[in-house]
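Just below is one structure, and these are the notes that go with it.
All of the numbers you see were taken from the coordinates with simple rules; none came from a lab. Predicted model, so just to flag it, every value in this text is computed and none were measured. All Cβ positions, glycine included, derive from the backbone under ideal geometry; neighbour counts span all protein chains shown.
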Amino acid sequence: MDRCVVLVDAGYLLGAAASLLAGEPARSRITVDHTELIQTLRERAEADTGCSLLRIYWFDGAPDRVPQPEHRRLRVMPRVTVRLGALTRSEGRWAQKGVDAAMHAELTELARNRACSDIVLVTGDGDLLPGLVSAKEHGVAVHLWAVQAADGDYNQSEDLVAEADERRVLDRAWITRAVHAKDLTGAYAPQPAPRPEIAAILAAPLPESAKNGSAPPDAPAAAAPATAEDAVEHAPEPATPEAEAPESPSAGQPARGEGTGVPTPKDLAGLGRPAPAAQAPASATLRWSSDKGWAERSPGEAPESASLPMLAQLTTAEQRWADREEDITAVSGDPFEVGQVFARRWTERLGSPTQLRLLSAEYPRIPHRIDGELLRYAARFGLLAHKDDQIDEHDRYAIRAGFWREVDNSTATERTTSPE
């Protein structure tokens, strides 16, 4: 059967690409256009083997084997099958478990059943050597692809290289068609207009109290925010029973139990925004006290804000299905984008421009029911927390900044289209 199959060890491919482009193997240092990557893999495999593609198998690790956003997008692509191993953390480092075994099993099964004439392996792990040898014994040609190493040396097992029928190196020019190094200096900053102060909020350092854990969990909020970040971070989420006692932060991580002040009109004026119509009382406090990030509800929320509808209340069954389809196939999972997508859906489905203006007047405070729904939506993309991780501070800021950016755009559109 003149067909080819591609087996991709995603940990190797993306880790080596990160080393080449960003100087270290952390996949968080790169952005990946998975649609373009799959297309280039297919084109290269068919050109190298002279066979049409049967399928691309994408092997990767995931916490508890739960598909992450990139896996959900990949597995709905044509001719792509995703196989997940476990992703575990030990001594502060992530490690894949079961990925090599799954690749070995697929490799030998394809060869034994003569499902293809050529197999392309994108891996560097010598544990696949027995499977490679077995495939050759069944008459399958094995092509081994390497990612160009940053230091010019091999990043593959020499035994694999020796046994492969053909070998190709995917160089920097090929990799950069679909993979790019992140500019971490601006990773969380939105576009500068029309609300440039959000960029300053996201770029600001954490408050000293958040760095050293010096502020008590129930500190009153009478004092002005330490930085511009505080003006955004005080937005509350729904209270839960687990929010009663703060957890102790891990060493080297920002504390999650600090009190956060409600910004005063003077504070907001310094950010370039008018003060909201209704201010919460000066004694309001916020406490992050669980790994899900729920916070205590401020007792002073205005009834008008509390009555704003949640997205779930505005969404029909058909829209819910379409939203899920968009989440899987189009939303990248970038925190800022996630906030924008949520806000776009919410504003488009509102029946009254008055409600949109009411929400805009609350800036930077997101009413607690909507904020909790926003963060629960973001959790689908793996942005907020994992059982082994602290909540990422910058992700929360970026989610809310994206939300406000979209609300601001919608408010500006509503103003220009409304009759005087």
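Some values worked out for this structure:
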item	result
Antiparallel content of DSSP bridges confined to the stretch 3-181, in %, to 5	20
Cβ-derived FRET efficiency at R0 60 Å, GLN355 paired with ASP171, nearest 0.05	0.65
Paramagnetic label zone (point 7 Å from Cα along Cα-to-C-beta, ASP2; backbone N under 14 Å) in the stretch 34-51	46-51
